[in-house]
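Structure first, commentary second.
The values are calculated or read from the model by the stated rules, or taken from the named source; none is laboratory data. All of these numbers come straight from a predicted model, not from anything done at the bench. For neighbour counting, all protein chains shown are included, and Cβ atoms are generated from backbone atoms with ideal geometry for every residue, glycine included.
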Amino acid sequence: MITRAEYELLKYLPKGSLSDVAENTSLGDGAYSIANSLQKKGLVKIDERIERIVQLTDEGRKYLEDGLPEKRALCALECGARPVSSFGEEAPIVVMWLKRKGWAELSSGKLELTKDGKEACKLQSPEEKMLKRLGAGGVGSEELSEDPELINTLKDRCIVDIRESKVLDAKLTDKGDAMLKNPVFEEEGLSSVTHEMLKNGSWRDKKFRRYGIRDAEEIWPARAHPLKIAIDKIRRIFLEMGFEETEGNFIESSFWNFDALFQPQDHPARDLADTFYLDDLGHELPPQHREVSKMHESGGDIESIGWRYPWSKEVAKQAVLRTHTTSLSAQNLTRAKIPSKMFSVGRVFRNESLDYKHLAEFYQVEGIVVSEEVNFKNLLWYLKEFYKKLGFKKIRFRPAYFPYTEMSCEPEVYFEERGEWVELGGSGIFRPEVVKPLLGVECPVLAWGLGIERPLMLQMGLGDLRTFYRNDLDWLREYKTDEVL
Ligand code: PHE
């Protein structure tokens with residue numbers, strides 16, 4: 001017996017691969033689990049194959065437009081011999097290919113066409129033909145096997161790259177064929193509970209689809225995500241050092257994210273390119289805005305000249321996704337006692353294009369120490385102590401700049417296996433221009449904001465930050481707990 005959804009899939013399968021069905025029909029990714037249950041019933045057989053697709057690289061595309069260097073050189077040489085140097089920085093490629101193809105000869109620093117070379121001017125070389133084909137769209141595995149050597153040469157020249165992707169295919173078995181012709185349907189229950197059903201209690205009388213847990217081939221117990229383990233450890237370290245934990249909002253006014261931190265309103269970090277703005281959610285400014293605005297305009301009543309520009313309330317009211325948890329430290333300052341120590345771990349958001357070492361949202365661990373007794377050396381001690389407790393032995397500091405701290409520095413830790421120093425975030429002593437309007441008095445405040453994913457990625461030997469957010473079940477099941485910080 002089969003369900004309606006299984007019947008749908010049986011109908012599609014003779015026409016395309018399972019991956020096609022998942023991509024192009026309303027079954028979507030659900031097609032995979034339906035195929036699995038059909039396989040268990042012996043109605044289909046799932047196969048996996050690797051498909052290789054050849055594509056032009058950026059360089060390849062450039063050559064498609066401008067022509068391959070050796071072909072351009074060939075045309076240039078048609079009018080007569082030329083010195084190698086006239087080919088500029090392409091000279092080494094040109095000489096190598098013209099000689100290898102037997103199109104030209106080199107004598108006393110000049111290239112001259114051979115007979116073959118003269119012939120070749122008029123013809124399209126196999127490389128050029130392939131370039132054109134690739135320009136018109138990717139080339140699949142069949143074409144690949146036509147002339148593997150040509151493709152390899154193009155790959156070595158970085159003109160093409162070859163991508164491999166898994167294609168899942170499911171074929172109907174004889175039993176499956178018979179079922180498609182004469183389907184016998186299961187009586188199906190509902191697959192989800194709605195809000196309404198919960199509210200009026202009607203779920204009690206409904207019949208629901210059963211989950212086949214007993215059919216599961218493997219059962220995996222729940223496991224904490226590595227990021228969660230790391231964050232818990234970090235929280236424990238700060239709590240043990242006597243810090244109070246605080247929490248803030250993802251959505252903040254620009255006031256808390258920037259202005260309160262003495263970041264001028266035309267600062268480039270406020271740009272749309274770096275910051276996610278939200279339609280104004282009517283953030284009202286807190287009373288501290290008066291002192292903050294004076295600080296920006298003239299330096300207020302402390303020894304400062306401020307940024308000297310007319311400060312705008314409207315700009316400060318704009319809502320943003322916090323770009324750093326320092327926005328929370330600024331708010332913590334307004335309620336801080338002297339002395340006190342506070343920290344937070346939370347997500348921040350930046351308008352970044354994603355790649356293996358950039359995420360648009362990531363975690364920061366942020367801390368402040370407010371005390372008449374502390375100085376820059378204490379800041380270095382806190383950071384060293386923190387990283388020592390996380391298990392890093394070699395720590396160093398590089399001078400840095402932030403609009404809200406003076407002095408400022410960036411801690412780095414050393415990764416033995418990679419032989420590399422890795423930057424972790426920023427830190428410094430808040431400027432009086434930040435402290436006075438928020439705390440009410442001038443007092444040393446040590447502050448830091450450190451990334452979590454980057455050191456964790458390196459510690460775990462991962463090559464890509466996005467691994468943390470892919471929810472790849474195989475990885476989650478297999479990572480080794482002792483690799484997590
Ligand atoms: N906010 C800075 C960042 O996100 C880090 C920082 C925090 C620097 C506190 C100095 C003081 O990179």
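Here are a few things to note about the model shown:
- Answer residue from the stretch 202-216, given it is of a type outside the set (Lys, Arg) and part of a helix (DSSP H, G or I) and is modelled with the lowest pLDDT among those: Asp215
- Qualifying residues in the stretch 174-191 (those that are in contact (Cβ under 8 Å) with a residue 12 or more places away in the chain and more than 14 Å from Tyr7 (Cα to Cα)) - the one surrounded by the most Cβ atoms within 10 Å (Cβ to Cβ): Leu190
- Of the set (1) in a loop (DSSP other than H, G, I, E, B); (2) basic (Lys, Arg); (3) closer than 28 Å to Phe262 by Cα, all apply to Arg398 but (1).
- Checked against the criterion of being over 16 Å from Leu450 (Cβ atoms) and either among the aliphatic types (A, V, I, L, M) or within 26 Å of the chain's Cα centre (by Cα) (or both), the candidates Tyr401, Tyr363 yield just one match: Tyr401.
- Taking the stretch 317-335 as the range and being among the hydroxyl-bearing types (Ser, Thr, Tyr), near the ligand (Cβ under 10 Å from one of its atoms) and either in a helix (DSSP H, G or I) or in contact with a Gly (Cβ under 7 Å, 6 or more places away or on another chain) (or both) as the test, the residues that pass are Thr325, Thr326, Ser327, Ser329.
- When the test is whether a residue is within 15 Å of the ligand (Cβ to nearest atom) and surrounded by 15 or more Cβ atoms within 10 Å (Cβ to Cβ), Arg398 does not pass it.
To keep it simple, each residue is scored yes or no on (1) at pLDDT 85 or above; (2) on the phi > 0 side of the Ramachandran plot; (3) part of a loop (DSSP other than H, G, I, E, B).
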| position | (1), (2), (3) |
| --- | --- |
| Gly102 | yes, yes, yes |
| Glu105 | yes, no, no |
| Leu111 | yes, no, no |
| Gly117 | yes, no, no |
| Ala120 | yes, no, no |
| Glu127 | yes, no, no |
| Lys132 | yes, no, no |
| Gly137 | no, yes, yes |
| Leu144 | no, no, no |
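- Residue within the stretch 229-241 that is surrounded by fewer than 12 Cβ atoms within 10 Å (Cβ to Cβ) and assigned to a loop (DSSP other than H, G, I, E, B) present: no
- Yes/no for Glu247 being surrounded by fewer than 11 Cβ atoms within 10 Å (Cβ to Cβ), closer than 26 Å to Trp448 by Cβ and in contact with a strand residue (DSSP E or B) (Cβ under 9 Å, 6 or more places away or on another chain): yes
- Any pair with Cβ under 9 angstrom, 6 or more apart, that starts in the stretch 403-431 at a residue that is touching a residue at least 60 places away in the same chain (Cβ under 8 Å) and more than 19 Å from Lys393 (Cα to Cα) and ends at one that is among the polar types (S, T, N, Q) and within 9 Å of the ligand (Cβ to nearest atom): Tyr404/Thr326; Phe430/Ser329; Phe430/Thr405; Arg431/Thr405
- Failed item in (1) of a type outside the set (S, T, N, Q); (2) more than 28 Å from the chain's Cα centre (by Cα); (3) over 30 Å from Glu297 (Cβ atoms), with Ala260 passing the rest: (3)
- In the stretch 404-430, residue farthest from the ligand (Cβ to nearest atom) [restricted to those that are under 21 Å from the mean Cα position of the chain (by Cα), surrounded by 20 or more Cβ atoms within 10 Å (Cβ to Cβ) and of a type outside the set (A, V, I, L, M)]: Gly425
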